[in-house]
1. What share of the DSSP beta bridges in the chain is antiparallel, in percent to the nearest 5?
2. Mind checking which lysines have their Cα closer than 20 Å to the Cα of Lys153? Skip sequence neighbours fewer than 8 apart in that chain.
3. Arrange the following residues from fewest to most other Cβ atoms within 10 Å of their Cβ: Glu284, Glu124.
4. For segment 85-173, what class follows from the C-alpha gyration tensor (a ≥ b ≥ c being the square roots of its eigenvalues): rounded when a/c is under 1.5, otherwise prolate if a/b is larger than b/c, else oblate?
5. By counting other Cβ atoms within 10 Å of each Cβ, how are Ser25, Ser164 ranked from fewest to most?
6. Could you work out how far the C-alpha centroid of segment 1-41 sits from that of segment 259-303, in angstrom?
7. Tell me the angle of helix 293-305 to the major Cα principal axis of the chain, expressed in degrees between 0 and 90 and rounded to the nearest ten.
8. Can you sort Met285, Met324 from fewest to most other Cβ atoms within 10 Å of each residue's own Cβ?
Amino acid sequence: MGAYNFSVAMCTYNGARFLNAQLASIAGQTQLPAELIVCDDGSRDDSVRFVTEFAKSVSFPVRIHVNEKNLGVIANFGVAISLCGGDVIALADQDDVWASHKIERLDAEFRSSESIGLVFSDGELMDDDSKLLGTRLWESVGIQQTELERIQKGSLTNGLLCGSIVTGATMAFRGGFRELVLPIPENLALIHDGWIALLISAVARISVVREPLVKYRQHTAQQIGALARKVPEGGRTGALNRSNPYPEALAIVRTMRQRLLDKRDAFDANKLLPDLETRIAHLEMRADLPNHGGQRAKAVLRELFALRYHRYSSGVSSALKDLMA
């Protein structure tokens, strides 16, 4: 099997300060992209000019789309993805730097199995001056090896539901899944990368590349940073000390279920849908526990003995939290 054609979907917004370094890293790939799609969200700096000049210097097509009005990062990535025509779509932030073999390594991962729908990697954190901070991306957001192993085995983890595992700047997915993930909802406690990973995990395998394929910039002007991402309930801090935004989680799972139902003729999620129904019932129970001690204990123990606390929350610690609340 030959190499896949990669579309790179990049969003820009007042990113001129770091943009040239990112563009240069894409131009320097050992496997060049088939196209670069740049969607600008109304920049007031030289971002569009920089991309226009860059397009004249490279051998692959560069298409520039400037939004008529500011859409915000989620909708802007939705537009960029919709304009991509490649076999694989790789998302790109405007202020990072790609490893020179990033596309080649991602391509090899996709070619290893047609069942793989999405690939993501680790990254190295750097500062405004491109100085490496000595910290990996996964480490900074508290991703545990057990979560990565569960994802590779096809398990829907709490981390995927809260969007704390797959960072868009490290992500690539098969172009055939555009119909499934678009439009990207903007009313959820989940941004574009979390939504894409969550939906694709329902119908295809997710593969993990443990080496860092991007230098991920941490700076004060960025819209979304690695250190601001939420840690899932199964993460570093104890369940007894965390608040649980059940309405947010329910909205995500319900929206996911509806999208899968709407797209079931094209994408088979029949194995996952019953599990989503049970997960929704569990979250609804936790969101509406009776105040009366006896009734509350009965509801919690029923879920605990059915192992639904273990499957959808943090096991006994979450059950104890509900009993003590």
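Just so you know, all these numbers are worked out from the coordinates, no wet-lab data involved. No experiment lies behind these values; they were computed from the predicted model shown. Reconstructed Cβ throughout: ideal geometry from the backbone, glycine too, with neighbour counts over all protein chains shown.
1. For the chain, the DSSP antiparallel bridge percentage is about 30.
2. Within the straight-line limit of under 20 Å, Lys153 reaches these lysines: Lys271.
3. Ascending Cβ contact count within 10 Å gives the list Glu284, Glu124.
4. In terms of gyration-tensor shape, oblate.
5. Ser25, Ser164
6. Their Cα centres are 40 Å away from one another.
7. 60 degrees
8. Ordered from fewest to most neighbouring Cβ atoms within 10 Å, Met285, Met324 come out as Met324, Met285.
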